[in-house]
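The values are calculated or read from the model by the stated rules, or taken from the named source; none is laboratory data. In this text, all values refer to a predicted model and were calculated from it rather than measured experimentally. Using ideal geometry, Cβ is built from the backbone for each residue, glycine included, and neighbour counts are taken over all protein chains shown.
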């Protein structure tokens, strides 16, 4: 039974991070747990932002599923060297998905900065080497990008409009009620597409009603993105994901959706098992 852990990691300590764990079964993949913060995933009723405690996350996986994950997919810039600006991976994603309005945000030495360095180092110390364009080890740690993953998942030609806080940007001409209805319809589409890949998503992520507002909607989106990250990890484990970047950093995207013909795009058809890595 392989396990995929997805983390929608906040770039600052002030915001919580969604976490999702999926397991491979005889009938396919199944969602075991999804929470809106590290604390909730680890069994604490704490929806606050905090630095990731890798040891606690791995212990929680062992408690839930009996062992550590095979692949950890994180929506946060990660690299083998300190991140000070846009990387080869950011440029590669922008070439491949820019036409779909899914270029990456620019990281810096301050954001996520030391937070990303610590996460990568702590997972590395636990036996999860960072996967780059040189290949993916198992157990491994990989950077993913939900916007690109969703394009691959749904087959849409442009970035999905699914952030509740941006509905006035998406549909400025629509009324408030119309905007709320539209974003919920996009959520239903995403949840349905994820259910086809990971059983249990519909049950775990029922679309909130229009009475749900504020931070509760943000928590829902964090959980949704965490499952998207887990989906990207599953695609990599099954050999159907590509690495965009170089030997220092790479963003992994499930196959499909790439609209670029630019040269130099890094690909990987199947993860390789790292000889020196060990399970935590």
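Tell me, please, whether a residue that is part of a loop (DSSP other than H, G, I, E, B), in contact with a helix residue (DSSP H, G or I) (Cβ under 9 Å, 6 or more places away or on another chain) and modelled with pLDDT of 95 or more can be found in the stretch 50-67. Among the residues of the stretch 50-67, at least one is part of a loop (DSSP other than H, G, I, E, B), in contact with a helix residue (DSSP H, G or I) (Cβ under 9 Å, 6 or more places away or on another chain) and modelled with pLDDT of 95 or more, which makes the answer yes.
Scanning the stretch 86-118 for residues that are on the phi > 0 side of the Ramachandran plot and surrounded by fewer than 15 Cβ atoms within 10 Å (Cβ to Cβ) gives a single hit, 101. Among all residues of the stretch 142-155, there is at least one that is surrounded by fewer than 16 Cβ atoms within 10 Å (Cβ to Cβ) and more than 28 Å from residue 119 (Cα to Cα). Scanning the stretch 100-145 for residues that are under 23 Å from residue 258 (Cβ atoms) and part of a helix (DSSP H, G or I) gives a single hit, 100. Number of residues in the stretch 193-206 that are in contact with a helix residue (DSSP H, G or I) (Cβ under 7 Å, 6 or more places away or on another chain) and free of Cβ contacts under 8 Å to residues at least 12 places away in the same chain: the value is 2. Residues considered: 78, 21, 32. Of these, the only one that is within 19 Å of residue 229 (Cβ to Cβ), touching a strand residue (DSSP E or B) at 6+ places or on another chain (Cβ under 7 Å) and assigned to a loop (DSSP other than H, G, I, E, B) is 78. The condition (being surrounded by fewer than 16 Cβ atoms within 10 Å (Cβ to Cβ) and either under 19 Å from residue 33 (Cα atoms) or in contact with a strand residue (DSSP E or B) (Cβ under 6 Å, 6 or more places away or on another chain) (or both)) is satisfied by just one residue among 196, 181: 196. Scanning the stretch 200-220 for any residue that is modelled with pLDDT of 85 or more and crowded, with 23+ Cβ neighbours inside 10 Å turns up at least one such residue.
Within the stretch 63-75, does at least one residue satisfy the condition of being surrounded by 15 or more Cβ atoms within 10 Å (Cβ to Cβ), under 17 Å from residue 113 (Cβ atoms) and over 14 Å from the mean Cα position of the chain (by Cα)? Looking for residues that are surrounded by 15 or more Cβ atoms within 10 Å (Cβ to Cβ), under 17 Å from residue 113 (Cβ atoms) and over 14 Å from the mean Cα position of the chain (by Cα), one finds none in the stretch 63-75, hence no. A Cβ distance below 8 Å, combined with a sequence gap of six or more or placement on separate chains, defines the contacts here; from the stretch 229-250, residues that are surrounded by fewer than 23 Cβ atoms within 10 Å (Cβ to Cβ) reach residues that are in a helix (DSSP H, G or I) in the pairs 246/88; 246/89; 248/88.
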